[in-house]
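Data first, discussion second: the structure below is written as C-alpha cells.
The values are calculated or read from the model by the stated rules, or taken from the named source; none is laboratory data. The structure displayed is predicted, hence computed values, not measured ones. Positions of Cβ are generated from backbone atoms using ideal geometry, with glycine treated the same way; all protein chains shown enter the neighbour counts.
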Amino acid sequence: MDDRQTTEHLVRDRDSVRMSLFSSSLTSDSRSGLLRRLTEVAFLACVTNDVVRARRIAKGLGVIAPGSRESVIAYALADLTAGDIPAALERLDPLAKANDAYGMAFQALALGLNGRLSERDTVLRHLPSREPGLDGLLIALGQTAPADTAGKDS
C-alpha cells in the first residue's frame, strides 16, 4: 500500500469512528429521525437526478446504521434513479420478506417501474397497514389507503 492509499484508509477509519461515536450518542427517537431525514435527503438527490450524491448519502447511512431500513431504501432509490431496477429489487427483497411496510412499498414502486404490475398489486395487497408516513407513498402508487390485508391470501 502506498502513502496515498494509507492516508485514504486512515481518513476512512477516522470518519467511521466519528460517525459511530456520533450515532451512539443519539437517543433512539433522535437517531430514528436522523436516519429518516438522511433518507429523505437521498430521495431529494434522486429527484434532481444526482445519483452520485444519493449514493454518498446512502453510503453514510450504511456507516452509521449498517443494514438499516433507511440505508437499504436510500441505496434502492439511487439504483432506481440510475435505472437499475433489478439491483433495487434485490436490495429491497429482504425488507419485503420481513414484512417491513416501507420495504414492501418501495418494492411495489420498483415492480411498477419494471412493468410487473400484477406482482406490484400483490405486494400492495399484503402491505401491513397503519404504518406512519406511508400514506403519501401509497397515494403515489395509486392506492387510496393502506391495505388492511396483512397475512391474508387474496
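Got a sec? Which of 76, 108 is in the same structural domain as residue 42 (by TED's automatic domain parsing), touching a residue at least 12 places away in the same chain (Cβ under 8 Å), closer than 19 Å to residue 134 by Cα and in contact with a Lys or Arg (Cβ under 6 Å, 6 or more places away or on another chain)? Give the steps one after another, and end with the answer.
Numbers: 108 fails: in the same structural domain as residue 42 (by TED's automatic domain parsing).
76 is the lone residue from the list that is in the same structural domain as residue 42 (by TED's automatic domain parsing), touching a residue at least 12 places away in the same chain (Cβ under 8 Å), closer than 19 Å to residue 134 by Cα and in contact with a Lys or Arg (Cβ under 6 Å, 6 or more places away or on another chain).
Please work out which one of (1) modelled with pLDDT of 85 or more; (2) over 23 Å from residue 136 (Cα atoms); (3) surrounded by fewer than 12 Cβ atoms within 10 Å (Cβ to Cβ) is the condition residue 97 fails and give its number.
Here residue 97 meets the rest and fails (2).
Here's the yes/no breakdown for (1) farther than 20 Å from residue 138 by Cβ; (2) at pLDDT 95 or above; (3) of a type in the set (A, V, I, L, M):
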| residue | (1), (2), (3) |
| --- | --- |
| 16 | yes, no, no |
| 22 | yes, no, no |
| 33 | yes, no, no |
| 36 | no, no, no |
| 65 | yes, no, yes |
| 68 | yes, no, no |
| 113 | no, no, yes |
| 117 | no, no, yes |
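Has segment 46-54 got at least one residue that is part of a helix (DSSP H, G or I), polar (S, T, N, Q) and touching a helix residue (DSSP H, G or I) at 6+ places or on another chain (Cβ under 7 Å)?
no
Please go through segment 135-154 and give me each residue that is at pLDDT 70 or above and closer than 25 Å to residue 83 by Cβ, ordered by number.
Pass one, segment 135-154, residues at pLDDT 70 or above: 135-139.
The answer is 136, 137, 138, 139.
Just give me the residues in segment 90-99 being more than 11 Å from the chain's Cα centre (by Cα), of a type in the set (A, V, I, L, M, F, W, C) and assigned to a helix (DSSP H, G or I), in sequence order.
Listed by number, the list holds a single entry, 96.
Within segment 60-69, track down each residue that is surrounded by fewer than 23 Cβ atoms within 10 Å (Cβ to Cβ) and not basic (Lys, Arg).
60, 62, 63, 64, 65, 66, 67, 68
Quick one: is residue 103 under 16 Å from the mean Cα position of the chain (by Cα), in the same structural domain as residue 137 (by TED's automatic domain parsing) and modelled with pLDDT of 90 or more?
Values: under 16 Å from the mean Cα position of the chain (by Cα): yes; in the same structural domain as residue 137 (by TED's automatic domain parsing): yes; modelled with pLDDT of 90 or more: yes.
Spelling it out, residue 103 is indeed under 16 Å from the mean Cα position of the chain (by Cα), in the same structural domain as residue 137 (by TED's automatic domain parsing) and modelled with pLDDT of 90 or more.
Checking residue 122 against (1) assigned by TED's automatic domain parsing to the domain that holds residue 30; (2) in contact with a Ser or Thr (Cβ under 8 Å, 6 or more places away or on another chain), which test does it fail?
It fails just one condition, (1).
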